[in-house]
Amino acid sequence: MSEVVPTAGQYGHVPVMCAEVMAWLVPATSAPAMRFIDATVGLGGHAAQLLQRLPADGRLLALDADPAALTRARKRLQPYAARVTFAQGRHVDLQEIARRHGFESVHGILFDLGVSSLQLDDPERGFAFQHDGPLDMRMGPAAETTADEIVNTWDVEDLERIIRQYGEERYARRVARAIVARRPVHTTAALARVVASAVQTRERIHPATRTFQALRIAVNDELESLATALEQAVALLRPGGRLVVIAFHSLEDRIVKQFIVREARDCLCPSDLPQCVCGHKATLVNLTRKVLRPTEQEMTENPRSRSARLRVAERLGEGAVGVQAK
Ligand SMILES: C[S@@+](CC[C@H](N)C(=O)[O-])C[C@H]1O[C@@H](n2cnc3c(N)ncnc32)[C@H](O)[C@@H]1O
């Protein structure tokens, strides 16, 4: 088994926490016809490493909402084409997509959440204020709105709510008022200027960072979608199968953590009830009680990995092998 940890190389993209993902996702002993799902195939960085480690009869379902990402992933995964099924779709439809392609009872599912460097670096996608472009921010064509529509049509209270809730911006009211006062705002650079005019900060990050995060989450319904996707992922895992999730901000990570903690418990009743009335049975073993972070070296070499947080759980059920956290 190769232990090559990828560098940016010809693809200009380094998969985050790749060594850790492989160590947790791929079982030490292989079984016949292993099945995995990469629910965020992106540029195919993690997927290529996974396929390199799987036996010849192992198969991967490579999912992404973004057709442009799938085009890139197809190219990168060409050497493994016979073992990969590509699907364009969203996490809310994970179970249905997996069933349609015969990926039920899988050995592992990976979510490497957020946006890819392909999306971030393309000004036309409107994710970043570092490059001027239209306010789009859709991960894929199925998103029901755009950042432009939110910025230019939502009322000030709704703007304030998402900027506070999804951006954790303490000056949310000021930012929302400034946006409404300066409408129409159609480009990323213009929006960044409006936000900067409303927020006084000595932080190292640009004052628009939190507002851009909020808009992206709202456009793609990211938090709701994640909660649903985790439920569906558990239903797709076979006993002993692994769920590996990398989150990039605390809102996402909180959802993942709370989901795993809840699913690792047998009863969810309030502690003052004398006996269980909920009947909930644990479906997961929490393998990373303490969240995993990239090494200092990775953070230096790949600054985009800085905010990554990795959590892993294992599906319980008949045939599952009890595993202790590494
Ligand atoms: C951080 S990138 C993944 C990078 C990938 N692991 C690699 O090594 O190249 C995240 C990808 O997930 C996709 N994505 C994010 N949210 C999604 C959702 N709700 N449904 C489907 N794909 C989603 C994005 O389009 C993006 O391509």
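Points worth noting:
- Test result for residue 216, surrounded by 21 or more Cβ atoms within 10 Å (Cβ to Cβ), out of contact with any strand residue (DSSP E or B) (no Cβ under 8 Å at 6 or more places or on another chain) and part of a helix (DSSP H, G or I): yes
- Screening the candidates 273, 236, 226, 251 for the property of being among the hydrophobic types (A, V, I, L, M, F, W, C), within 16 Å of the ligand (Cβ to nearest atom), farther than 23 Å from residue 293 by Cα and in the same structural domain as residue 105 (by TED's automatic domain parsing) yields one hit, 236.
- Residue within segment 98-114 that is in contact (Cβ under 8 Å) with a residue 24 or more places away in the chain, within 13 Å of the ligand (Cβ to nearest atom) and in a loop (DSSP other than H, G, I, E, B) present: yes
- Residues in segment 276-287 that are assigned to a loop (DSSP other than H, G, I, E, B) and without any contact (Cβ under 8 Å) to a residue 40 or more places away in the chain: 276, 277, 278, 279, 280, 281, 282.
- Annotation for segment 138-149: no member residue is touching a residue at least 12 places away in the same chain (Cβ under 8 Å) and over 26 Å from the mean Cα position of the chain (by Cα).
- The set of residues in segment 83-96 being assigned to a helix (DSSP H, G or I) and in contact with a Lys or Arg (Cβ under 9 Å, 6 or more places away or on another chain) consists of 83 alone.
- Hits in segment 133-145 (condition: surrounded by fewer than 19 Cβ atoms within 10 Å (Cβ to Cβ), more than 16 Å from residue 189 (Cα to Cα) and modelled with pLDDT of 95 or more): 145
The values are calculated or read from the model by the stated rules, or taken from the named source; none is laboratory data. Being a predicted model, the structure only gives us computed values, none of them experimental. All Cβ positions, even for glycine, are placed from backbone atoms using ideal geometry, and neighbour counts span all protein chains on display.
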